[in-house]
Amino acid sequence: MAHEEQRNRVIAQAGKMFAEQGIRKVRMDDVAATLTMSKRTLYEMFRDKEELLLECIKVNQQKKLEYANEVAITSENVLEIVVRIYQQGMDEMRSFNGSFFTDIKRYPKVCEWLNLRREENKGKTKAFFLAGVEQGIFRKDLNYDIFQYLMGLSMNGYFNNVDS
């Protein structure tokens, strides 16, 4: 099996395990055993659990971006895009073990990467909502900075209050 293919297989399996069981409960031994590979092979691909987790999250974020692009192409307006992406995000969150969202706080490199992505996306999100204003879907007088802030708080609240 080619190295890249094997690496992708590990990322897919580990991502599934992290989502289903929570991050803390999944050991590198468990990932290796599930894939019938040696721990040494796994550690040659990923320095540690945090690096593996970060790669899983990056792949997941890329899939979300691809879905969002597909939705943008096939939707008639900004509101349809918002609803479809929100629904997909909520469906995905329901499939995660609640401890995933509390466990992730133990991984500073992952949190740093997620925070950087969040900051990068703020401008894009505001531009997106302003496009909705131009389409006549959203109100002109709404403060979108506050709206974004409240959306962020609601998501953080969801992450912090999910039962495992």
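The values are calculated or read from the model by the stated rules, or taken from the named source; none is laboratory data. Here the structure is a predicted model, which is why all the values come from computation and not from measurement. Glycine also receives a Cβ, built like all others from the backbone with ideal geometry; neighbour counts cover every protein chain displayed. With ligands, DNA and RNA removed, areas are computed over all heavy atoms of the protein, side chains included. Shrake-Rupley method; radii C 1.70, N 1.55, O 1.52, S 1.80 Å.
Projected onto the charge dipole of the chain (+1 at Lys/Arg Cβ, -1 at Asp/Glu Cβ, origin at the Cα centre), which of Met45, Ser75, Gln62 gives the Cα projection farthest towards the positive end?
In the chain, that residue is Met45.
Restricting to Cα pairs below 8 Å that are 6+ residues apart, what does the relative contact order work out to for the chain? Please round to a whole percent.
26
In units of 2.2 N^0.38 Å, what is the alpha-carbon radius of gyration of the stretch 1-92?
1.32
Any idea how far apart Gln148 and Gln87 come out in nm if each label point goes 7 Å out from Cα toward Cβ?
In this crude label model, Gln148 to Gln87 measures out at 2.6 nm.
Classify the chain as rounded, prolate or oblate from the Cα gyration tensor: take a ≥ b ≥ c as the square roots of its eigenvalues, call it rounded if a/c is under 1.5, otherwise prolate when a/b beats b/c and oblate if not. Please list the in-between numbers first.
Values: a/c = 2.54, a/b = 1.97, b/c = 1.29.
Judged from the Cα gyration tensor, the chain comes out prolate (a/c at least 1.5, a/b above b/c).
When the accessible area of the stretch 1-78 is split by element with a 1.4 Å probe, what percent falls to carbon and sulfur?
Values: 2120 of 4620 Å².
Here carbon and sulfur together make up 46 percent of the probe-accessible area.
How long are the three semi-axes of the equivalent ellipsoid for the stretch 43-110, computed from the Cα gyration tensor as the root of 5 times each eigenvalue, in whole Å, largest first? If you can, show how the numbers build up before the last one.
Values: eigenvalues 170, 44, 13 Å².
Taking √(5λ) for each eigenvalue gives 29, 15, 8 Å, largest first.
Hey, can you find the accessible area per residue of the stretch 22-164 for me, probe 1.4 Å, expressed in square angstrom?
Per-residue accessible area for the stretch 22-164 comes out at 65 Å².
Once you put a point 7 Å from the Cα of Glu20 and another 7 Å from the Cα of Glu5, both along the Cβ direction, what distance in nm separates them?
Roughly 2.3 nm, to one decimal.
About its Cα centre, how strong a charge dipole does the stretch 7-104 have in debye, to the nearest 20, once Lys and Arg get +1 and Asp and Glu get -1 at the Cβ?
Around 400 debye, computed over the stretch 7-104.
Quickly work out the Arg27-to-Arg118 label distance, labels modelled 7 Å from Cα along the C-beta direction, and quote it in nm with one decimal.
3.2
Any idea how far the Cα center of the stretch 48-107 sits from the one of the stretch 19-35, in Å?
20
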